[in-house]
Amino acid sequence: MTDITEIERATWPALWKGWRRRCPSCGSGPLLTGYLKVRDHCTVCREELHHHRADDGPAYLTILIVGHVMAPMLLFVFTTFRPEPLILFTIFAVGCVGLSLYLLPRLKGVIVAFQWARGMHGFAPPA
């Protein structure tokens, strides 16, 4: 049963803030201290962020997205252009690594923001 005094947190704006690696509460403070380390609290609004349980979720989603993007591209390039195997491997290895490095911190921000918006793992709004 939900309490009437709970504050409804909008999910989509929080996810967008997480994608930008910003605090899901205020959208101004940085969410991460390094490449993947989540801050204990927001430097702007003091929202506690240490409750998150992102664990393997960002890595799983990154692999899922990179695989679904790069596999059809690999098949298309191979069947259309028939490049040398070493050239094909080099191009797609760099593409996979680059896309993974781009997506991983953003997806971590999205997962932390989703948990914040839904009040999961200690992110519940104060009553």
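Amide H neighbours of Val38 under 5 Å, counting only residues 5+ apart in sequence or on other chains, H built in-plane at 1.01 Å?
Thr33
Quick one: 3J(HN,Hα) in Hz for segment 69-75, Karplus 6.51/-1.76/1.60 with θ = phi - 60°, rounded, Gly and Pro as x.
Karplus values, whole Hz, x for Gly and Pro: 8, 7, 4, x, 5, 4, 4.
Any idea what the relative contact order of the chain is, in percent, if you count C-alpha pairs under 8 Å spaced at least 6 apart?
Result for the chain is 39 percent.
FYI, it's all coordinate maths here, none of it is from the lab. It should be emphasised that the depicted structure is a prediction, and the values quoted were computed from it without experimental measurement.
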